[in-house]
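In what follows, a single structure is set out as structure tokens and then discussed.
The values are calculated or read from the model by the stated rules, or taken from the named source; none is laboratory data. Quantities reported herein were computed from a predicted structural model and do not represent experimental measurements. Neighbour counts are summed over all protein chains in view; Cβ atoms, including those assigned to glycine, are modelled from backbone coordinates with ideal geometry. Quick note on the areas: whole protein, heavy atoms, side chains included, nothing else; ligands and nucleic acids left out. Shrake-Rupley method; radii C 1.70, N 1.55, O 1.52, S 1.80 Å.
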Amino acid sequence: MEVAVVVYYVNILWDIIKNWWWLCLPFVLWRPFLFWWLWWRQELWNFAQKSVLLEIKMPKEVLKPMRAMEQAFTAMWGSVLDPPDWWEKWFEGKTLITIGLEIVSLGGEPHFFIRVQEGRRNAIESAIYSQYPDAEITLADDYTKNVPQNIPNKDWDLWGTDYQLMKSEVYPIKTYTAFFEEKEAAKEEKRIDPLSTLLEGLGTFKPGEQLWIQMSLKPVISTSKPEEGGKDFIKMGRAVADKLAKRPEKAKAKSILEDAANELIAGKLPGGEKKEQELYPPEMRLTPGEKDIVTAVENKISKRCFDSYIRFIYLAKRDVYFGGAKAIPFGFFNQFSTENLNQIKPMSKTITKIHRYPILDLIRARRTFVKKRRLFFRYTKRFPPFFPKGGGTFLLNTEEITTMFHFPGRAVAAAPFISRVESKRGEAPLDLPMEEE
């Protein structure tokens, strides 16, 4: 009898599943549908936008402090910040505007490029000219189109990686303020410029060798609503700083019911608990190193920030390919790492290297080829590390970006192969006679 009852209910359950299984599909497919819908709309919007590549030739003498470049990036942040509203995001596919910073060596000749939407070109040029009036900005062809688009192949090979931060993104990397004590009247010869090492290395490449370094910047605002085009990094940074400084957590407000229950059950009156006051505040008990960390975190979140990713590719013809060339970008980015704050390290998911395992040797070459081809594709298309998925980006403020991308003068980067503006631009004299018609 019991077996028959069980069979009866099983049959009823099966009939329900067989006839109404499709009701679960909207709940299962809703999130994938939203992802692919948004991806499709954003692809159409991005395809319709025209970007330009601007080459910047550095002035012969750069006597301004690096803070001038930081001010230029702050101006760029405001020029391109245009978060989409609900309709623009989900139906028009509008995304936040991205600025691309690229340092490139083409056969031993370094170049500085900035990639931006054509409609924001004037704003970007104005931000640079406001601080470096002697710089020269020209429209350039995309250098990535001058090599075969199917690298690696039988003639070309490459090596590269994306980068990520070792710790939480609210911890800053080492910035230019730690390389020297900046003064307005400081002579250029006294500066220690972190870019000089990279520029010297870029000049050692032979014809047929190229090194591409790419930094993508998307302006963000501190908000608890990611759909508004940002992340709540101020709250994240303050939480980290409060924890490091051992500041007491704010007591959560209790409801009237909780106060009444405490009074009736435990006999505790509202506000009757008194905490012992410490003789010294928590900040005064910090070590000098702990104070530096707290100050650095608070300083990072106080400035304009970008959601960014960093990568590099070394590519060359196979007859001149030199695997040791990757030490140049490794050494450059290693300058900004500290043990107490943050470090930039290669991303294991995208680095074009597969560890050797006897069992996997048969597919190791194929996996390496796929990673190289994927990294090359994402670089040339200016896609993020995990495209079409999100992730792989991290927070950098204007001070950190300035440290890695600025215009050093000839005194601190004396390499003769660097393209510079040899003469200053001048206006016509005011008393120049004009020919009358």
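Arrange the peptides 232-238, 35-41, 213-219 so that the one whose residues have, on average, the most other Cβ atoms within 10 Å appears first.
Working: 232-238: 17.9, 35-41: 13.6, 213-219: 22.3.
Those peptides, ordered most packed to least, come out 213-219, 232-238, 35-41.
Using 0.36 nm per residue of separation minus the Cα-Cα distance, give me the extension gain between ALA123 and VAL10 in nm, one decimal.
Numbers: separation 113, 0.36 × 113 = 40.68 nm, distance 6.93 nm.
Full extension of this stretch gives 33.8 nm more.
Among 52-63, 5-16, sorting by the average number of other beta carbon atoms lying within 10 angstrom of each residue, highest first, gives 52-63, 5-16. Could you give the nm distance between label points at ASP319 and THR368, where each point is 7 Å from its Cα heading toward the beta carbon? So the two model labels end up 2.3 nm from each other. Is the shape of the stretch 33-126 rounded, prolate or oblate, going by the alpha carbon gyration tensor and its root eigenvalues a ≥ b ≥ c, with a/c under 1.5 for rounded and a/b larger than b/c for prolate? In terms of gyration-tensor shape, prolate.
One decimal place: the segment GLU290-GLU200 gains 28.8 nm when fully extended, by the rule 0.36 nm per residue minus the C-alpha distance. Sorted on the mean count of surrounding Cβ atoms within 10 Å across their residues, most packed first, peptides 165-173, 87-95, 141-149 read 165-173, 87-95, 141-149. In the context of the full set of protein chains, residues of the stretch 309-401 present 50 Å² of accessible surface per residue (probe radius 1.4 Å, heavy atoms only).
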